[in-house]
Amino acid sequence: MDADWIYGKQSVDLDEVKELKVKLPLKFHVKLHSLKLLRGKTMSGTVADALEAYFAIADPKASANARPGSLSVESASAGSM
């Protein structure tokens, strides 16, 4: 997805961190918490990695912009998200 379309061609920092409160089904919370513990990351980092892996599958063009050290597409598709 093109950021110009979302922000109306304004100059924005897409690396800016925003806070977002969401409600998730318990099964997703348990999976995210398990990843958090196994990878030794914060919940915020775990959620960010999971979202990057999801969007890499949903929009392969965007996967080139993924952060180093984030979950890979293969690891995200190996287990159900």
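Quick look at the values:
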| quantity | calculated |
| --- | --- |
| Sorted peptide list for 17-27, 34-44, 48-58, criterion being average Cβ within 10 angstrom, highest first | 48-58, 34-44, 17-27 |
| Contour excess over end-to-end distance, with Cα ends at D13 and R39 and 0.36 nm allotted per residue | 6.6 nm |
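A short reminder: the numbers here are calculations on the coordinates, not readings from a lab. Quick caveat: nothing in here was measured; it's all calculated off a predicted structure. Note that each Cβ is placed from the backbone with ideal geometry, even for glycine, and that neighbours are counted across all protein chains shown.
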